[in-house]
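The values are calculated or read from the model by the stated rules, or taken from the named source; none is laboratory data. Only a predicted model underlies this, so the values are computations on that prediction, with no experimental measurement involved. Here the Cβ positions follow ideal geometry from the backbone for every residue, glycine too, while neighbour counts run over all protein chains shown.
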Amino acid sequence: MTKARTYKSDALAAIHETVSGMYESGVIDKQTMRRFDESCLTPIHAFSAKQIRALREREGASQTVFAHYLNVTPTSVSQWECGRKKPAGAILKLLSLIERGGLATIA
(Lines give C-alpha, C1' and ligand atoms only; values in the text may rest on other atoms or scores of the structure.)
Protein backbone atom coordinates (compact mmCIF):
# COMPACT_ATOMS: atom_id res chain seq x y z
CA MET A 1 0.00 0.00 0.00
CA THR A 2 1.40 3.39 -0.96
CA LYS A 3 1.29 6.38 1.31
CA ALA A 4 -1.20 9.11 0.29
CA ARG A 5 0.50 12.42 -0.40
CA THR A 6 -0.91 15.90 -0.53
CA TYR A 7 0.72 18.24 -3.00
CA LYS A 8 0.84 22.02 -3.22
CA SER A 9 -0.94 21.84 -6.58
CA ASP A 10 -2.29 19.40 -9.17
CA ALA A 11 0.58 20.35 -11.48
CA LEU A 12 3.16 19.38 -8.83
CA ALA A 13 1.32 16.10 -8.28
CA ALA A 14 1.63 15.27 -11.99
CA ILE A 15 5.28 16.30 -12.10
CA HIS A 16 5.98 14.28 -8.96
CA GLU A 17 4.47 11.19 -10.56
CA THR A 18 6.83 11.61 -13.54
CA VAL A 19 9.89 12.13 -11.34
CA SER A 20 8.90 9.10 -9.23
CA GLY A 21 8.95 7.03 -12.39
CA MET A 22 12.41 8.38 -13.17
CA TYR A 23 13.57 7.38 -9.67
CA GLU A 24 12.11 3.89 -10.02
CA SER A 25 13.89 3.41 -13.34
CA GLY A 26 17.21 4.60 -11.86
CA VAL A 27 17.50 7.88 -13.76
CA ILE A 28 17.68 9.96 -10.56
CA ASP A 29 19.12 8.99 -7.18
CA LYS A 30 17.45 8.71 -3.76
CA GLN A 31 18.85 12.01 -2.47
CA THR A 32 17.48 13.93 -5.46
CA MET A 33 14.09 12.24 -4.99
CA ARG A 34 14.00 13.27 -1.32
CA ARG A 35 14.73 16.91 -2.17
CA PHE A 36 12.06 16.83 -4.84
CA ASP A 37 9.56 15.32 -2.37
CA GLU A 38 10.19 18.14 0.08
CA SER A 39 9.61 20.80 -2.54
CA CYS A 40 6.31 19.30 -3.77
CA LEU A 41 4.55 18.32 -0.56
CA THR A 42 2.33 20.62 1.48
CA PRO A 43 4.53 22.39 4.03
CA ILE A 44 3.90 21.90 7.74
CA HIS A 45 4.40 24.62 10.33
CA ALA A 46 3.64 25.21 13.99
CA PHE A 47 0.31 26.80 14.86
CA SER A 48 -0.21 29.23 17.71
CA ALA A 49 -3.26 29.04 19.96
CA LYS A 50 -4.76 32.05 18.18
CA GLN A 51 -4.16 30.52 14.75
CA ILE A 52 -5.89 27.27 15.70
CA ARG A 53 -8.91 29.10 17.07
CA ALA A 54 -9.08 31.39 14.02
CA LEU A 55 -8.84 28.37 11.71
CA ARG A 56 -11.65 26.57 13.53
CA GLU A 57 -13.82 29.68 13.55
CA ARG A 58 -13.11 30.35 9.88
CA GLU A 59 -14.48 26.87 9.14
CA GLY A 60 -17.54 27.56 11.30
CA ALA A 61 -16.95 24.48 13.45
CA SER A 62 -17.41 23.99 17.17
CA GLN A 63 -14.51 22.54 19.14
CA THR A 64 -16.34 19.21 19.18
CA VAL A 65 -16.86 19.10 15.41
CA PHE A 66 -13.31 20.28 14.74
CA ALA A 67 -12.00 17.58 17.09
CA HIS A 68 -14.06 14.96 15.25
CA TYR A 69 -12.46 15.92 11.92
CA LEU A 70 -8.99 15.70 13.48
CA ASN A 71 -9.81 12.46 15.34
CA VAL A 72 -8.87 13.98 18.71
CA THR A 73 -10.86 14.86 21.80
CA PRO A 74 -12.60 18.23 22.19
CA THR A 75 -10.42 18.70 25.28
CA SER A 76 -7.31 18.56 23.06
CA VAL A 77 -8.69 21.31 20.80
CA SER A 78 -9.55 23.39 23.86
CA GLN A 79 -6.05 22.96 25.30
CA TRP A 80 -4.47 23.94 21.97
CA GLU A 81 -6.62 27.06 21.77
CA CYS A 82 -5.74 28.05 25.34
CA GLY A 83 -2.04 27.45 24.72
CA ARG A 84 -1.73 24.76 27.40
CA LYS A 85 -0.66 22.16 24.83
CA LYS A 86 0.60 22.23 21.25
CA PRO A 87 -0.43 19.93 18.42
CA ALA A 88 2.32 17.78 16.92
CA GLY A 89 2.97 15.15 14.28
CA ALA A 90 0.12 14.17 11.99
CA ILE A 91 -2.18 16.77 13.56
CA LEU A 92 0.09 19.54 12.24
CA LYS A 93 -0.24 18.07 8.76
CA LEU A 94 -4.04 17.99 9.08
CA LEU A 95 -4.12 21.57 10.35
CA SER A 96 -1.93 22.64 7.41
CA LEU A 97 -4.32 20.93 5.00
CA ILE A 98 -7.34 22.59 6.63
CA GLU A 99 -5.58 25.95 6.51
CA ARG A 100 -4.96 25.52 2.80
CA GLY A 101 -8.24 23.99 1.63
CA GLY A 102 -10.75 23.90 4.46
CA LEU A 103 -12.26 21.01 6.38
CA ALA A 104 -13.46 19.44 3.13
CA THR A 105 -9.87 18.49 2.30
CA ILE A 106 -9.70 16.05 5.19
CA ALA A 107 -13.35 14.93 5.24
Wholly within the chain, which helices (runs of 4 or more DSSP H) include no fewer than the required count, namely at least 1 residues that are over 11 Å from the mean Cα position of the chain (by Cα)? 10-24, 30-40, 49-58, 63-70, 74-82
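Do we have residue 86 as at pLDDT below 95 and surrounded by 11 or more Cβ atoms within 10 Å (Cβ to Cβ) here?
Spelling it out, it is not the case that residue 86 is at pLDDT below 95 and surrounded by 11 or more Cβ atoms within 10 Å (Cβ to Cβ).
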Checking the conditions here, which among 18, 73, 42, 64 is surrounded by 14 or more Cβ atoms within 10 Å (Cβ to Cβ) and among the hydroxyl-bearing types (Ser, Thr, Tyr)? 42
